[in-house]
1. Just grab the label-to-label distance for Ala96 and Trp6, each label 7 Å out from Cα along the Cβ direction, in nm (one decimal).
2. How much net charge surrounds Lys25 when only the other residues with a Cβ under 13 Å from the Cβ of Lys25 are counted, with Lys and Arg +1 and Asp and Glu -1?
3. Ordered by residue, what ³J(HN,Hα) values in Hz, to whole numbers, does region 78-94 give under the Karplus form 6.51 cos²θ - 1.76 cosθ + 1.60, where θ = phi - 60° and Gly and Pro are x?
4. For Thr80, Thr43, Thr9, give the ranking by accessible area with the largest first, probe 1.4 Å.
5. Can you tally the net charge around Thr80? Count Lys and Arg as +1, Asp and Glu as -1, for every other residue whose Cβ sits under 13 Å from the Cβ of Thr80.
6. Hey, what do the phi angles of region 48-61 turn into as Karplus ³J(HN,Hα) couplings, whole Hz, using 6.51/-1.76/1.60 and θ = phi - 60°, x for Gly and Pro?
7. Tell me which residues come under 5 Å, amide H to amide H, from Ala92 once H is placed; ignore anything under 5 positions away on its chain.
8. For Phe86 and Asn64, compute 0.36 nm times the residue count separating them, minus their Cα-Cα distance, and round to one decimal in nm.
Amino acid sequence: MSRINWKITEEDDALIDAIVERALKDSPDELELDKLDLAMDLTACHLNGCPLRLKELLEADDFNFAHDVFGIRNHIDRMTGKLTGFFEPRFAEVDACPPMKSASTAASAAITNTRSRS
């Protein structure tokens, strides 16, 4: 098993810190978010197979911001840094996340095969 990449640029680190601060400020108290855990989840996702458009995520409306931040938090595999369950962040770099490609490819193939049998 390969190790999680943690080599982040200063610019990306600052953006992730700002994203975490916004998430902490905007989230309900009952979520009890841990600042370090959330920063590590976002960093692991960004550097290990699903690069994010961090500046756009930081500037996103509340709904889309919450979708990505809490979706990543709920779908990150902390052993690999990869997203699970075919979760698709809205602010992922286009065609950058392997699970999304394989899911959409499989869906496209299934649709094509169904149509060709008709």
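1. 2.1
2. Numbers: positive: Arg22, Lys35; negative: Asp17, Glu21, Asp26, Asp29, Asp62.
Cβ neighbours under 13 Å give a net charge of -3.
3. 6, 8, 10, x, 9, 7, 10, x, 6, 5, 10, x, 5, 9, 6, 4, 4
4. Putting Thr80, Thr43, Thr9 in descending order of accessible area: Thr9, Thr80, Thr43.
5. On the way: positive: Arg3, Arg78, Lys82; negative: Asp41, Asp77.
Surrounding charge for Thr80 is +1.
6. In residue order, the calculated couplings are 10, x, 9, x, 10, 8, 4, 5, 5, 4, 4, 8, 5, 5 Hz.
7. Arg53
8. Details: separation 22, 0.36 × 22 = 7.92 nm, distance 1.71 nm.
Separation in residues times 0.36 nm, less the Cα-Cα distance, equals 6.2 nm.
The values are calculated or read from the model by the stated rules, or taken from the named source; none is laboratory data. Being a predicted model, the structure only gives us computed values, none of them experimental. Methodologically, a virtual Cβ is constructed for each residue, glycine included, from the backbone with ideal geometry; neighbour enumeration extends over all protein chains shown. Remember, those area values only see protein heavy atoms, side chains included, never the ligands or the DNA or RNA. Shrake-Rupley method; radii C 1.70, N 1.55, O 1.52, S 1.80 Å.
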